[in-house]
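Reviewing the structure listed below.
Laboratory data are not the source of any read-out in this text; all were calculated from the coordinates shown. Quick caveat: nothing in here was measured; it's all calculated off a predicted structure. Heads up, the Cβs are rebuilt from the backbone with ideal geometry, glycines too, and the neighbour counts pull from every protein chain shown.
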Amino acid sequence: MAELTIGDEAPDFRLPRNGGGDISLSDLKGKTVVLYFYPKDDTSGCTAEAIDFSALGAQFEAANTVVIGISPDSVKSHDKFAAKHSLTVMLAADEDKSALEAYGVWKEKSMYGKKYMGVERTTFLISPDGKVAKIWSKVKVPGHAQAVLDEAKAL
């Protein structure tokens, strides 16, 4: 699948979410949406990223922006992760990796010489009309949530 670029229509999805129910991109038309894809619940970088996005939750809300974290973990894992760290950000479970693949973030990775498939930490800012407005690839967590908020406010 071709990489998404700025101006592309953001692929729709419907995924189960923490706290029950499900979420789809089409349900959020008219709002700015931040989709941040992360590898695994309760790992150091992913925890720091979720805490940072949660800490800025009121400011994202004030900017008419919904933040959704997506990983291949289960809803049960997301619920435990959110409770353990008092997360307020919505977490969607993509166990079949359909959204991860649609957004091009399920990639071959390498660690200690071994190749494996995993999530490349990536964030997409989606404008209210459903188009990709900005993409952050291979995200470094420190300061990232604030940078995303600044971009969301500028839309």
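A straight Cα-to-Cα reach below 18 Å connects LYS140 with the lysines LYS40, LYS107, LYS109, residues fewer than 8 places away in its own chain not being considered. Of the chymotrypsin sites (Phe, Trp or Tyr not before Pro) found in region 74-155, those that fall in a DSSP loop while having at most 12 other beta-carbon atoms within 10 Å are TYR112.
Enumerate by residue number the GluC sites (Glu not before Pro) in region 1-74 meeting two conditions: DSSP loop (anything except H, G, I, E, B), and at most 16 other Cβ atoms within 10 Å of the site's Cβ.
Values: sites: GLU3, GLU9, GLU49, GLU61; in loops: GLU3.
Sites meeting the loop and neighbour criteria: GLU3.
Restricting to bridges with both residues inside region 29-155, how much of the DSSP beta-bridge set is antiparallel, in percent to the nearest 5? Of the beta bridges lying entirely in region 29-155, close to 60 percent run antiparallel. Dividing the C-alpha radius of gyration of region 80-142 by 2.2 N^0.38 Å, with N its residue count, gives 1.34.
Between the amide H of ASP8 and those of VAL132, distances stay under 5 Å, these residues lying 5 or more places away or on another chain, with hydrogens modeled in the peptide plane. Expressed as a whole percent, the proportion of Cα-Cα pairs in region 7-155 lying more than 28 Å apart is 11%. In this structure the amide hydrogen of GLY69, modeled in the peptide plane, comes within under 5 Å of the amide hydrogens of TYR36, MET90, LEU91, ALA92, none closer than 5 places in sequence on its chain. Pairs from the table (LYS29/LYS97; LYS29/LYS134; LYS97/LYS138; LYS115/LYS138) all lie within 27 angstrom of each other at Cα.
If I stretch the segment between THR5 and ASP96 completely, what's the gain in nm (0.36 nm per residue apart, minus their alpha carbon distance), one decimal?
30.4 nm
Estimated from helices alone, the mean residue ellipticity of the chain at 222 nm is -8000 deg cm²/dmol (sum of -39500 (n - 2.57) over DSSP H runs with n ≥ 4, per residue).
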